[in-house]
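The structure appears right after this line, and notes come after that.
The values are calculated or read from the model by the stated rules, or taken from the named source; none is laboratory data. Remember, it's a predicted structure, so these values are computed and weren't measured experimentally. All Cβ positions, glycine included, derive from the backbone under ideal geometry; neighbour counts span all protein chains shown. Side chains are part of the model used for accessible areas, which takes the heavy atoms of the whole protein and leaves out ligands, DNA and RNA. Shrake-Rupley method; radii C 1.70, N 1.55, O 1.52, S 1.80 Å.
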Amino acid sequence: MPEAATHKAPTTATTASHRFTLRERIVLRIIITLGYGFIRLIGPTLRVCVSREEGAQATVDQRPLIVSFWHACMIPATYVCRDIGVRVMSSNSYDGEYMGRIIRKFGFVAVKGSSSRNAVRALLGLRRALHDGWTVAFTLDGPRGPRRKVKPGPVALARSSGVPLSMFHMAVDRAWVLNTWDRLIIPKPFSRVLMRFGKLIVVPAHAADEDLDRYQQELQDSLDRVCEFAEANIKKVGAPEFPYNA
């Protein structure tokens, strides 16, 4: 099971309601209520196993770190990483609004912006969060893809902040997989979940701009590797021969 969370995050009030029509606000409230209720109901039934490469982060709630994972893992990651004050980039879009409100109910703190809009403002907010000792997280192929392709934000943030890059993937043995661009994973009750962390990557403050592509590729390779491991070993979780740190 994952390590116990100890850091409670402050909640933040939303000011976005004036940006949406009455119908959109009603639908938003329904989605948030159903989404939060579903994760809260299913989450405690999940049988979670944490596995690490050598040199990976020591605990789920270690901080500060710059953590990356794929958008498809959002639902199990929201539950497993709840109530530890993780800062996340939240889009100003309608989709980003309901996701942001759901994750805030699980102790995450949203920093407004996205890879396509207000990115500089959001990265500055995430850098302040790192300076204050918090972990920040990226769904690296969000908000609209391309699927499982790394974007440059985390590497640039690692260079400017001096905080290492971490990454994980979560495989689920029994899940509904939506026919969406990200192939969103919705765990079924009592599913096994394998959370695999990759080795930390340090980006030197003196790294030249042309070096960032190499670190971005290293992050891509690490995410591909932990993804492959988790999906290949999910059926072995609970078996005596399971390679927790292979």
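Show which aspartates and glutamates lie in cross-link reach of residue 235 when reach means a straight Cα distance below 12 angstrom and same-chain residues fewer than eight apart are skipped.
The qualifying aspartates and glutamates are 173.
Can you pull the three principal axis extents for the Cα set of segment 171-220, in Å, largest first?
47, 23, 12
With a 10 Å radius around each residue's Cβ, average the other Cβ atoms per peptide and rank 73-82, 28-37, highest first.
In descending order of packing, they fall as 73-82, 28-37.
Give the value in nm², to one decimal: projected area of the alpha carbon convex hull of segment 18-80, averaged over all directions.
In nm², the orientation-averaged hull projection of segment 18-80 is 6.5.
Under a plain spin-label model, where a point goes 7 Å from the Cα along Cα-to-Cβ, how far apart in nm are residue 239 and residue 177?
Taking the simple label geometry, residue 239 and residue 177 are separated by 2.0 nm.
By accessible area of protein heavy atoms, probe 1.4 Å, what ranking do 70, 181 get, highest first?
Values: 70 5, 181 90 Å².
So the residues, ranked largest to smallest area, are 181, 70.
In whole angstrom, note down how far apart the Cα centers of segment 200-220 and segment 119-134 are.
So the two Cα centres are separated by 19 Å.
Need one number: the % of Cα-Cα pairs in segment 122-214 sitting beyond the 17 Å mark. Please report the intermediate quantities before stating the final value.
On the way: 2604 of 4278 pairs.
Tail of the P(r) past 17 Å holds 61 percent of the pairs.
Treat each spin label as a single point 7 Å out from the Cα along the C-beta direction, and report the residue 231 to residue 202 distance in nm.
Label-label distance for residue 231 and residue 202, simple model: 3.2 nm.
When a/c is below 1.5 the answer is rounded, else prolate if a/b is larger than b/c, else oblate, so apply that to segment 197-246 with a ≥ b ≥ c taken from the square roots of the Cα gyration tensor eigenvalues.
Values: a/c = 6.56, a/b = 2.95, b/c = 2.22.
Prolate, because a/c is 1.5 or more and a/b exceeds b/c.
Multiplying the sequence separation of residue 121 and residue 214 by 0.36 nm and subtracting their Cα-Cα distance, what value in nm do you get? Before the final figure, lay out each step's value.
Values: separation 93, 0.36 × 93 = 33.48 nm, distance 2.50 nm.
Here the segment from residue 121 to residue 214 would lengthen by 31.0 nm.
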